[in-house]
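Right, one structure below, let's go through it.
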Amino acid sequence: MNIETEKYAAALRETALKYCGISSRAHAGEAVPLPLTDDLRVWYSVGVPEGSIPWFAEDLILFSADSLVPNQGGYRFHGITEARLDSWPGEWLVIGEVSGDPLIAHLNRADTPISTAVHGTGKWEPMLLAPNLAAFLHVLALRIEVCCGEFAMDLFDSNEVLRPDVRERLFDIANPVVGSASAEIWAGKSWAW
């Protein structure tokens with residue numbers, strides 16, 4: 001899987017720069033005081049886009065290896081006291097967020113599946129975005145191309161509702177890579193993400 005992860009990490013790096021003007025920074029290999037899968041190490045070595053990726057009404061933020069620890073606050077540990085939070089499984093790592101909703105890397109599974117969960121509901125119920133990190137990076141790069149390139153971020157109708165043609169296009173690019181249930185999340189059909 002590492003070859004696929006490296007391929008799609010590079011594609012995401014180039015796409016984020018081309019469509020969003022966001023450069024990426026590779027992790028120099030210093031130790032990260034959190035567990036990482038081999039695929040995450042590959043992604044961080046290729047480079048994580050540093051900046052806000054336009055999303056629907058919010059931005060998606062991906063955390064560089066250097067910023068992983070402080071960005072676990074409110075999820076893995078209490079943001080002020082830094083006490084470990086029992087409600088957050090130890091095998092989950094927050095690798096990014098959209099308006100406070102975490103992007104979760106599942107560290108205990110071979111291909112590093114990526115999920116998200118809605119914050120503020122009293123419990124974390126992950127929704128699968130991609131069966132592995134490579135698929136997540138692939139769909140994210142495609143999504144940036146579609147939203148920022150093809151639609152030039154003209155995503156909403158006059159009532160500020162996501163346009164049906166945008167939803168359909170997002171579903172169509174994600175479905176072959178991650179399957180229909182996850183594609184519905186990427187297309188904003190089953191969640192406001």
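Just order 45-57, 120-132, 138-150 by mean Cβ neighbour count inside 10 Å, highest at the front, would you? Working shown, then result.
Values: 45-57: 18.4, 120-132: 14.6, 138-150: 20.2.
Peptide ranking by packing, descending: 138-150, 45-57, 120-132.
What list of ³J(HN,Hα) values in whole Hz, one per residue of the stretch 80-90 in order, does the Karplus curve 6.51 cos²θ - 1.76 cosθ + 1.60 (θ = phi - 60°) give from phi, with Gly and Pro shown as x?
Running phi through 6.51 cos²θ - 1.76 cosθ + 1.60 with θ = phi - 60° gives 10, 7, 6, 6, 4, 9, 5, 6, 9, x, x Hz.
Assuming a ≥ b ≥ c are the square roots of the Cα gyration tensor eigenvalues, decide whether the stretch 33-100 counts as rounded (a/c under 1.5), prolate (otherwise, with a/b larger than b/c) or oblate.
Working: a/c = 2.09, a/b = 1.19, b/c = 1.75.
Because a/c hits 1.5 or more and a/b fails to exceed b/c, the stretch 33-100 counts as oblate.
Dipole of the chain (Lys/Arg Cβ +1, Asp/Glu Cβ -1, origin at the Cα centre): which of L85, V161, G74 lies farthest to the positive side?
So the residue we want is L85.
Beta carbons within 10 angstrom, averaged per residue: use that to sort the peptides 64-76, 95-107, highest first.
The most tightly packed comes first, giving 95-107, 64-76.
Quick one: if the Förster radius is 30 Å, what FRET efficiency do A26 and N159 give, using the C-beta to C-beta distance and rounding to 0.05?
Once rounded, the FRET efficiency stands at 0.10.
Per DSSP H run of n ≥ 4, the term is -39500 (n - 2.57); total these for the chain, divide by its residue number, and report the mean residue ellipticity at 222 nm rounded to 500 deg cm²/dmol.
-10000 deg cm²/dmol
For S180 and K7, compute 0.36 nm times the residue count separating them, minus their Cα-Cα distance, and round to one decimal in nm.
Separation in residues times 0.36 nm, less the Cα-Cα distance, equals 60.0 nm.
Considering only protein heavy atoms and a probe of 1.4 Å, how much of the accessible area of the chain is carbon and sulfur, as a whole percent?
It is 51 percent, rounded to a whole number.
Determine the per residue accessible area of the chain with all protein chains present and a 1.4 angstrom probe, expressed in square angstrom.
45 Å²
Can you give me the long-range amide H partners of L103? Hydrogens built in the peptide plane at 1.01 Å from N, cutoff under 5 Å, separation of 5 or more residues or another chain.
Counting only residues 5 or more places away or on other chains, the set is I95, G96, E97, V98.
For N132, which sequence-distant residues (separation of 5 or more, or a different chain) have an amide H within less than 5 Å of its own amide H, given hydrogens modelled in the peptide plane?
Result for N132 returns I114.
Could you please state, rounded to a whole Å, how far the C-alpha centre of the stretch 1-48 is from the C-alpha centre of the stretch 176-190?
23 Å
Would you kindly derive the ³J(HN,Hα) couplings of the stretch 32-44 from the backbone phi angles with the Karplus curve 6.51 cos²θ - 1.76 cosθ + 1.60 (θ = phi - 60°), listing them in order in whole Hz, with x for Gly and Pro?
Once θ is set to phi - 60°, the couplings for the stretch 32-44 become 9, x, 9, x, 10, 7, 4, 4, 5, 4, 4, 4, 5 Hz.
Please list the non-local residues whose amide H lies under 5 Å from the amide H of R25, H modeled 1.01 Å from N, same-chain partners needing a gap of 5 or more.
V48, E50
The values are calculated or read from the model by the stated rules, or taken from the named source; none is laboratory data. It should be emphasised that the depicted structure is a prediction, and the values quoted were computed from it without experimental measurement. Note that we place each Cβ from the backbone using ideal geometry, even for glycine, and neighbour counts take in every protein chain shown. In case anyone asks, the SASA skips ligands and DNA or RNA and just uses the protein heavy atoms, side chains included. Shrake-Rupley method; radii C 1.70, N 1.55, O 1.52, S 1.80 Å.
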